[in-house]
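One structure below.
The values are calculated or read from the model by the stated rules, or taken from the named source; none is laboratory data. Remember, predicted model here, so these are calculated numbers, not experimental data. Each accessible area value is taken on the protein alone, full model and side chains, heavy atoms only, with ligands, DNA and RNA left out. Shrake-Rupley method; radii C 1.70, N 1.55, O 1.52, S 1.80 Å.
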Amino acid sequence: MKTHLLITTYLAILTPHTFGDLVEDYVKHVEKVNSQKTDKFRTFSEFDRASELRGRLRSRRRRHAFDPELDQWTHSEVLDKEGAVVLRWQPRHQEILFRVEARTRGYIGIGFSPNGGMEDADIVIGWVDDRNGRAFLHDCHGVPKGQGSSPIRDEVDNYTLEKGMQNETHTVLEFRRALDTCDIHDYVLNADTVRVIWAMRESDPQFEGDMVYHGESRGSQSLHLLGPPPVKRTENRNVKYWDITLENFEVKPNMNTIYWCKVFKAPQLDSKHHIIGYEPLIGPNHTNFVHHMIVHECQLGPNGNNQRWEAFAQQTGQLCYGQHMPLEWDKCLTPLVAWAIGAKGENFPPAVGVPIGQQRNSYYMLEIHYDNPQMKKARDTSGLRLHYTSELRPNDGGIMIAGVALSNLHFIPPKQKEYKTAGYCSTECTREVFPKEGVNVASVMLHSHLAGRKLKLRHIRAGKELPPLAQDNHYDFNYQQSRALFQNAVILPGDGLITECSYSTVDRTQPTLGGYSTKEEMCLAFILHYPRTELAGCYSMPPIQYFFQNLGVKEFYGKNMTEIETLFLQGGSDTAQSTSTTTSPLFGYSPGDEMSPEANRRAVVALQNARDYSIDLHSQQSRNLFDELIIKEPQEFQNKSFTTHLQNIPYSEPLLTKKMEEYFYTGLHLTFCRKRDDSLAIKETVEKFPNFSVYVNREKQSQCSYRNRKTVMVAGSSTSFRPNIILGFLFIVCSVVIYF
């Protein structure tokens, strides 16, 4: 093993010839030793390691024989499941270099598409002539649907061929282009998610104009093209891994959304270790079922019952946040690592590691969200692999969540091309929790559901907006890879954060509310930062009374607004209307009782996991609280349930929905600042949305940005957001007039 580690360490600096000699000598030695052993001693041993090294040797020899300068590429991605198409690239200041390696001796096409299809895509097609070895590259674009299938060559060629070559099995093309070519048929390549499409055929075009793009093989893959080079995984004998996976979990066919939680006991460690990266382990037969996975740290405290937690770790788990989940699991809410669909995991920067093993008996909870819209039955063994080491990094890191508190008060109207909501992390929260020197942001994972189109984590300091910590104007629900930052960003105490989500609901006829299902919505940012602080979550939501008033309702039968607010905050039965609906609290304490330790223990569970959205069979069959609220005033809506009222609002009127958006975004926010021990760092507060000057990225403004484009770089709005108290009144009047 020591010999293997030595070889691996020097792999990057040795020439292929020197590396080959060392490995061949080592492999021969291992095979000789193993030939003298009996079969019963041949487990995963030196023989397996020798085979692995021999394969790596052959792969490296082929690679360097084909191109000894391959290591110059900073980014790479396999675009298909078989590994037949590999895209490598290197971003530069105003341009980007590409290299495509395809298992074909014909032509290969690479494109940048708005939706993963060929229509209106920016496409480059190239090949190497089998007869003379000459390479060709054509700048093309896809045509609108219904106008043909073959791409059309651009009038102006904005791609430059650098190199083209082929051997017995592969074709390789290297080319470059400007990030912004000022050509209406070319994509502006920036930090947004881009859907890369590819296609290839086994033969060259019969003539130069013969470019039928629909090859025998094709596909698409979303990528982040611009960003710092990914951190490579550290491999040495001090790096171990811990697999946190379910064992043959049954995905039942009677639920389209399943949140399953299971407690795990951490490996027994003699001292603190650092997690330095993680990767998903997804069952091969139902990858599409797994939507996201989060490992939560359980804060047992000095009075934790280890015997009971040991029993939890032996169990198969429970439906998350449902009525049968043990109350102790409420302690498991601070994220350790978070993964979402399409992501490949993350290796943390060398300056930061997430601590593990600080207590002799540590417990963690794995939460997996299964999205099963077709109600299929399956078995699952998915989970996460955590890589950890005893070689501590300079800083302890942690993950905090910012965004919109998960509840049905997160409201998105239907029939909207673009509608924005925002969660506000207040200046008072960061001032209370962050150290004087602030915290450094290492990476951000932006998260919403199917209606999400644009996401941004905005950063406010002293009345001025700084560059976004993370932004994606082409969010792909199926590709939620965390984003490393280009440059160091520090959040200081007193800074504010705004998690902004833009949704498209043009194909929906009913309002979308916040919730767990992928058809409901979230707006969250998972922020990996260091040094680690006590802050675990920083959220906001509309104040409850203002939520109803803004949607035109002044009074309900049987309960005044204070009682409605109490019902939402504290829970209980709406006995005035029906005994069939029991609502659990959004926040586990009464107003004024926020300093109670027992109340604080429940605060975040209720905040993130509003019980009327509990994911179990009983709650899914229950009626929503909105059904039980019957409107008394205004008279125009009298005797209708609030649910019916929401369904009947004329959302096709843009003036109405614009006022609605402005109020919920720039109006009042009920803010929450939660610590890792489930207590509140400061009392929940109703705050006005801050007044600040909006950030405009002038460096990114292009001289051709006025042209009509397939992708437009959006740096920010030119208008400052200012809350206006009269908005609520104006909206009520507007809704009453238009409603009838």
Accessible area per residue, Å², the stretch 325-389 with all protein chains present, probe 1.4 Å | 32 Å²
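In µm²/s, what is D for the stretch 411-516 at 10 °C and 1.306 mPa s, where D = kT/(6 pi eta Rh) by Stokes-Einstein and Rh is the Kirkwood radius from Cα pairs?
Values: Rh = 15.0 Å.
After rounding, the answer is 106 µm²/s.
So with the 1.4 Å probe, I'd like the accessible area per residue for the stretch 424-504, rounded to whole Å².
On the way: 2710 Å² over 81 residues.
The answer is 33 Å² per residue.
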tail above 13 Å in the computed P(r) of the stretch 427-466, as % of all Cα-Cα pairs, reads 70 percent
Estimated D of the stretch 67-117 in µm² per second, where Rh is the Kirkwood radius over Cα pairs and Stokes-Einstein applies at 37 °C, 0.692 mPa s | 263 µm²/s
Span from the the stretch 480-517 Cα centroid across to the the stretch 299-362 one, whole angstrom = 24 Å
Using only the alpha-carbon atoms of the stretch 457-546, report the extent along each of the three principal axes, biggest first, to the nearest angstrom.
-> 43, 36, 26
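Rounded to the nearest percent, how much of the accessible area of the stretch 345-460 (1.4 Å probe, protein heavy atoms only) is carbon and sulfur?
Reported share for carbon and sulfur atoms: 44 percent.
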Please report the orientation-averaged projected area of the stretch 104-204, defined via the convex hull of its C-alpha atoms, in nm².
-> 6.8 nm²
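Quick one: plug the Kirkwood hydrodynamic radius of the stretch 293-379 (C-alpha pairs) into Stokes-Einstein at 4 °C, 1.567 mPa s, and report D in µm²/s. Could the numbers behind the result be given before it?
Details: Rh = 15.2 Å.
Roughly 85 µm²/s, to the nearest whole number.
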Which Rg and Dmax, in Å, describe the Cα atoms of the stretch 350-416?
-> 18.9, 54
